[in-house]
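K.L.:
Got a structure for you, questions after.
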Amino acid sequence: MSGYGDKSPFSETPSPETQGHDASSPDRQLPTRLVGKRVALFVTCLADLMRPSVARASLQLLEDAGCDVHVPQDQTCCGQPAYNSGDYPGAMGIAQQTIETFEPFDFVVAPSGSCAGMLKCHYPKLLAGEWRERAQALGERVFELTQFLQDVCVYTPTPSVKPAALTYHDSCAGLRELGVREQPRALLRNAGIEPRELDQRDVCCGFGGTFCAKMPAISAKMADDKLLEFSKTDNDLLVAGDLGCLLALAGRARRLGSDVEFRHVAEVLAGTADVPGIAHAESGQD
Amino acid sequence: MEQHSRDFLRRADEALAEPERAANRAALGLFMPLLRDQAVEAFDSQAFQGLRDQVEAIRRHSLDNLGHYLEQFIGQARENGNQVHLARDGDELNAIVLDICTQVEAQRVAKGKSMVTEETGLNAALEAADIKVRETDLGEYIIQEAGETPSHIVGPALHKPEAEIRELFLERHDLGERDLDSAAAMVAEARQVLREEFLAADVGVIGSNALIAENGYSMLVTNEGNGDLCANLPKTLIICTSIDRVLPRPEDAMAMLRLLVRSTTGQAVTCYTSFYSGPRREGDIDGPVETHFVLLDNRRTELLASDYREMLQCIRCGACLNHCPVYMSAGGHAYGWVYPGPMGSVLTPLLTSLDEAEALPHACTACGRCEEVCPANIPLPDLLRDLRAEAFAEGISARRWRFGIRLHSWLARHPTLYRQITRIAVRVMHRLGRDRGFIRYLPLAGGWLQARELPSPEGDSFLASYRKEHKS
Ligand code: SF4
């Protein structure tokens, strides 16, 4: 299965020419606060390892928005597994390394609310003294991808390939730590896609990082509740800004024998259509 | 109360396997947040936030000066004619209450809802001394009759669907043939049965929502009025609560009240808000002739001196339970002690032991919904994480997990090695899942794979392909 799946017809059939995105016009006016600024992409470990398409889409969106994007090679993981498991010393080491890696840049953008939230809200809690100050200073320049595109770049992506319908799922960290709620919806709407809403849109999907492996039955119940609500929105594409939620929900849906499609919002905004949805086989191997 | 927190996962599995109770919880999970949201909106969300900050400041101030206000409260309460006792732990509280009951030759005790006496296991202690205890809060009454424990700090019997309660009443109340086909009919029946109990009781035991230092009064909110009957009909009244309930002035209690009730049931005010000053005075036509306060510490002073002191700001509203998807999935009984949900997952390890309750701080996805609604502004997810950190540092958490997490952290701090190893791993995983797009079996991923498939990686890592592209 490829593209947006068999069940979600494209509003436009992708052709080799239109597949992907329309690059921003070269004369797009960059907001002054971005002129001459270096933007670092914090790929996040899940996008790096599990779904590079998300990283590629993020890079493309930022470049189309006119940013001078850099991908520091020494980035690894933001340290959430250690932090949330209570390994504070381990998490501190990772936090310091991440700060050193991203400090030289004017902005840090991550296609994940929870990783951006970790840098912005939790590093300052975790660290002390001079490191806390450095964490705070960096935190002010950290953004979640849709937040950055909408609020800082004031950029409207124009994907040439669009799904007919999708439902948007808010990740808890993005929503509560960063206040990301309207930005992804506005971006989608401006791109001509009206996102459908889940009833209980502020309720967690049960991923919770290591939580889902430690308490699988409870986590699965929460995922099932979310999937049930999703089914009520009457479409086959669930989109979110965090790969953690998406991988966990897709994994649960497959276990239940469901074939619905899961994608990161960056993929949709960038018009990524040549990659199958999460936990879908490559075309011809379905 | 006996503790079963070690069995959290097993008990949660049991709860998940009971379809009617699970459906009941799901309905509550929808309904309770809705009630609260409406109440907050009707009050004005911004003003509500202001009130939260105000009450938090009051609670902080009271706790910062707990010794002072406690002393003031005790002095005032004694002046009002009450006897005040301090109990270091649960056993001491039970012994004090038993002692009072023995002195007044009590045979029957009528109780209002009190989580503190659940904490100390007072009922069992009194019953062991052949004193008959009757819970009079409807929810407490139901679970007492059913031989169960509370599943919620405000609605102890919220776990029981209507049909279960009907069956219970038909079985337990010897009242002949009847339909009992509505909640109203069940409430009326419970009221009828309980009326006799109030009249027959020698001692009334109730809890407290706030102890007011300035005048020595105790404030209690209920919706059933049973607290007032427990307090006024028996000759002797015993108010059991914990030392952290103290507030400086009546207006502080009023501010807290506005917050508490909206957060709890979404009401603007409960049906009954009562202030108890002391025994019947000359000329009073009713009221108890003898009144006691028993104030429990049970590690709260320890808590006050710890990094978890914010937890003492809790006003026991239950909003964090009502908004917690883990609580709604696992059910209150899974937590295995008195206090469930987010507040219970913090309190239980602190009031019992982290060793005993190590599972509870993990029963959290850090979604932050509890913190968002907690009227006392308690950073519950942070406190839960800190408890996990304590368990991690002290080697209480599972060795396998600690090893895995340490290995991951170490690897993450060696970027070159990290890139090499993770790249191999994702390539292998990609091959494993190529046919279906997901992986069904993988060593070390047992927890994940128990309930879901593992989506397979796309192939190469992004950083590796980016490097390749930007070298050429
Ligand atoms: S922790 Fe907060 S939300 Fe939970 S019961 Fe206490 S005051 Fe209410």
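K.L.:
For the range A:266-279, just list the computed ³J(HN,Hα) in residue order, Karplus coefficients 6.51, -1.76 and 1.60, θ = phi - 60°, integers in Hz, with x standing in for Gly and Pro.
P.N.:
5, 4, 5, 5, 8, x, 5, 10, 8, 10, x, x, 4, 6
K.L.:
As a quick test, which of the pairs A:K120/B:K468; B:K113/B:K160; B:K111/B:K132 have an alpha carbon distance above 20 angstrom in this structure? Could you put the intermediate results ahead of the total?
P.N.:
Working: A:K120/B:K468 31 Å; B:K113/B:K160 17 Å; B:K111/B:K132 11 Å.
Distance filter (> 20 Å) returns A:K120/B:K468.
K.L.:
A further question follows. Need one number: % antiparallel among DSSP beta bridges in chain A, to the nearest 5.
P.N.:
Working: 2 of 21 bridges.
Rounded to the nearest five, the antiparallel share is 10 percent.
K.L.:
Another one. Placing +1 on the Cβ of each Lys and Arg and -1 on the Cβ of each Asp and Glu in the range B:347-472, which of B:S353, B:C364, B:W410 has its Cα farthest towards the positive end of the resulting dipole?
P.N.:
Farthest towards the positive pole: B:W410.
K.L.:
Quote the relative contact order of the range B:44-301 in percent (integer), defining contacts as alpha-carbon pairs under 8 Å separated by 6+ residues.
P.N.:
That works out to 29 percent.
K.L.:
Using only the Cα atoms of the protein assembly as shown, construct the convex hull and provide its projected area averaged over every direction, in square nanometres to one decimal. Write down the numbers at each step before the final one.
P.N.:
Numbers: hull surface 138.4 nm².
Approximately 34.6 nm², given one-decimal rounding.
K.L.:
Moving to a separate point now. Using a Förster distance of 35 angstrom, determine the FRET efficiency expected from the C-beta separation of B:N215 and B:L30, and round it to 0.05. Spell out each step's value before the answer.
P.N.:
Values: r = 41 Å, r/R0 = 1.18.
For B:N215 and B:L30, the calculated efficiency is 0.25.
K.L.:
Can you pull out the chymotrypsin sites (Phe, Trp or Tyr not before Pro) in the range B:405-458 that DSSP calls coil and that have at most 11 other Cβ atoms within 10 Å?
P.N.:
Values: sites: B:W410, B:Y418, B:F438, B:Y441, B:W448; in loops: B:Y441.
In loop regions of the range B:405-458 (DSSP not H, G, I, E or B), the sparsely surrounded chymotrypsin sites (Phe, Trp or Tyr not before Pro) are B:Y441.
K.L.:
Related question: About its Cα centre, how strong a charge dipole does chain A have in debye, to the nearest 20, once Lys and Arg get +1 and Asp and Glu get -1 at the Cβ? Intermediate values should be presented prior to the final figure.
P.N.:
Numbers: 27 positive and 38 negative charges, 132 e Å.
Computed charge dipole of chain A: roughly 640 debye.
K.L.:
Here's a follow-up. Against the longest alpha carbon principal axis of chain B, how many degrees, from 0 to 90 and to the nearest 10, is the axis of helix B:399-412 turned?
P.N.:
50
K.L.:
Just to confirm the number: angle between the C-alpha axis of helix B:19-43 and the first principal axis of chain B, 0 to 90 degrees, nearest 10?
P.N.:
80
K.L.:
Probe of 1.4 angstrom, ligands and nucleic acids ignored: what's the accessible area per residue over the range B:44-301, in square angstrom? Walk me through the numbers on the way to the answer.
P.N.:
Details: 11110 Å² over 258 residues.
For the range B:44-301, the per-residue accessible area is 43 Å².
K.L.:
May I ask you to list the lysines whose Cα is less than 27 Å away from that of A:K125, ignoring any residue fewer than eight positions away on the same chain?
P.N.:
Cross-link targets: A:K214.
K.L.:
Note down the relative contact order for chain B as a percent, whole number, built from C-alpha pairs under 8 angstrom at least six residues apart. Intermediate results must be reported in sequence, preceding the final value.
P.N.:
Working: 762 pairs, mean separation 98.4, N = 472.
Once divided by the residue count of chain B, the mean separation gives 21 percent.
K.L.:
Could you tell me, in Å, what Rg and Dmax come out for the Cα atoms of chain A?
P.N.:
Rg, Dmax (Cα atoms, Å): 18.4, 56.
K.L.:
Hey, if we sort B:K111, B:K471, B:K132 by accessible area with the 1.4 Å probe, largest down, what's the order? Write down the numbers at each step before the final one.
P.N.:
Working: B:K111 0, B:K471 165, B:K132 100 Å².
So, going from the largest accessible area down, we get B:K471, B:K132, B:K111.
K.L.:
Take every residue in peptide A:246-253, count the Cβ atoms of other chains within 10 Å of its Cβ, and give the average of those counts. Display every interim value, and only then the final one.
P.N.:
Numbers: counts 1, 6, 5, 2, 6, 9, 3, 3.
Counting Cβ atoms of other protein chains within 10 Å of each residue's Cβ and averaging gives 4.
K.L.:
With a 1.4 Å probe, what is the total accessible area buried between chains B and A, in Å² rounded to the nearest 100?
P.N.:
On the way: alone 23360 and 12600 Å², together 30030 Å².
Using a 1.4 Å probe on protein heavy atoms, the buried area is about 5900 Å².
K.L.:
Now for a different question. When a/c reaches 1.5 or more, the comparison of a/b and b/c decides; with that in mind, is the range A:157-270 rounded, prolate or oblate per its Cα gyration tensor? Walk me through the intermediate numbers first.
P.N.:
Details: a/c = 1.96, a/b = 1.47, b/c = 1.33.
Judged from the Cα gyration tensor, the range A:157-270 comes out prolate (a/c at least 1.5, a/b above b/c).
K.L.:
Apply the Karplus curve 6.51 cos²θ - 1.76 cosθ + 1.60, θ = phi - 60°, to the phi angles in the range B:227-242 and return the couplings in whole Hz, x for Gly and Pro.
P.N.:
x, 5, 5, 4, 7, 9, 7, x, 5, 10, 10, 10, 9, 9, 8, 9
K.L.:
Enter the Cα centre distance for the pair the range B:1-60 and the range A:147-191, rounded to the nearest angstrom.
P.N.:
Cα centres, the range B:1-60 to the range A:147-191: 30 Å.
K.L.:
Is there a simple number for the mean count of other chain Cβ atoms within 10 Å of the Cβ of residues in B:429-440, and what is it? Intermediate results must be reported in sequence, preceding the final value.
P.N.:
On the way: counts 2, 1, 0, 0, 2, 3, 4, 6, 12, 10, 2, 2.
Neighbouring Cβ atoms belonging to other protein chains average 4 per residue here.
K.L.:
By DSSP, what percent of the beta bridges with both residues in the range B:44-301 are antiparallel, rounded to the nearest 5? Before the final figure, lay out each step's value.
P.N.:
On the way: 8 of 33 bridges.
Approximately 25 percent, going by the DSSP bridge assignments.
K.L.:
Rounding to the nearest 10 and keeping the result within 0 to 90°, find how far the Cα-based axis of helix B:380-393 lies from the longest principal axis of chain B.
P.N.:
70
K.L.:
To the nearest 20 debye, what charge dipole does chain B have about its Cα centre, counting +1 at the Cβ of each Lys and Arg and -1 at the Cβ of each Asp and Glu?
P.N.:
Values: 52 positive and 68 negative charges, 628 e Å.
My answer is approximately 3020 debye.
K.L.:
OK, next. Applying a 10 Å radius around every beta-carbon, put B:286-292, A:90-96, B:99-105 in order of their mean neighbour count, most first. Show your work: numbers first, answer last.
P.N.:
Working: B:286-292: 17.6, A:90-96: 22.6, B:99-105: 13.7.
So the order, starting with the most tightly packed, is A:90-96, B:286-292, B:99-105.
K.L.:
Using only DSSP helix segments of four residues or longer, with each worth -39500 (n - 2.57), what per-residue ellipticity at 222 nm results for chain B after dividing by its residue count and rounding to 500?
P.N.:
Numbers: 22 runs with 250 residues, N = 472.
Dividing the helical sum by the residues of chain B leaves -16000 deg cm²/dmol.
K.L.:
Then there's this: Measuring from label point to label point, each 7 Å out along Cα→Cβ, what is the B:N65 to B:L444 span in nm?
P.N.:
5.6
K.L.:
Take every Cα pair under 8 Å in the range A:173-286 that's 6+ residues apart, average their separations, divide by the length, and report that relative contact order as a whole percent. Please report the intermediate quantities before stating the final value.
P.N.:
Working: 108 pairs, mean separation 23.2, N = 114.
Computed over the range A:173-286, the figure is 20 percent.
K.L.:
Over what distance in Å are the Cα centres of the range B:184-221 and the range A:67-122 separated?
P.N.:
Answer, in whole Å: 54.
K.L.:
Give me a single rounded figure for A:42-54: the average over its residues of other chain Cβ atoms within 10 Å of their Cβ.
P.N.:
Numbers: counts 0, 4, 1, 7, 1, 3, 11, 13, 10, 4, 11, 2, 2.
Neighbouring Cβ atoms belonging to other protein chains average 5 per residue here.
K.L.:
Report the charge-dipole magnitude of the range B:414-471 in Debye, nearest 20, computed about the Cα centre from +1 at each Lys and Arg Cβ and -1 at each Asp and Glu Cβ. Walk me through the numbers before you get to the answer.
P.N.:
Details: 11 positive and 5 negative charges, 33 e Å.
The dipole of the range B:414-471 has a size of about 160 debye.
K.L.:
Moving to a separate point now. Would you please give the FRET efficiency between A:D202 and B:A188, computed as 1/(1 + (r/R0)^6) with r the Cβ-Cβ distance and R0 = 41 Å, to the nearest 0.05? Walk me through the intermediate numbers first.
P.N.:
Values: r = 38 Å, r/R0 = 0.93.
The computed FRET efficiency comes out at 0.60.
The values are calculated or read from the model by the stated rules, or taken from the named source; none is laboratory data. Since this is a predicted model, take the numbers as computed values, not measurements. Methodologically, a virtual Cβ is constructed for each residue, glycine included, from the backbone with ideal geometry; neighbour enumeration extends over all protein chains shown. Ligands, DNA and RNA are excluded from the accessible area calculation, which covers all protein heavy atoms including side chains. Shrake-Rupley method; radii C 1.70, N 1.55, O 1.52, S 1.80 Å.
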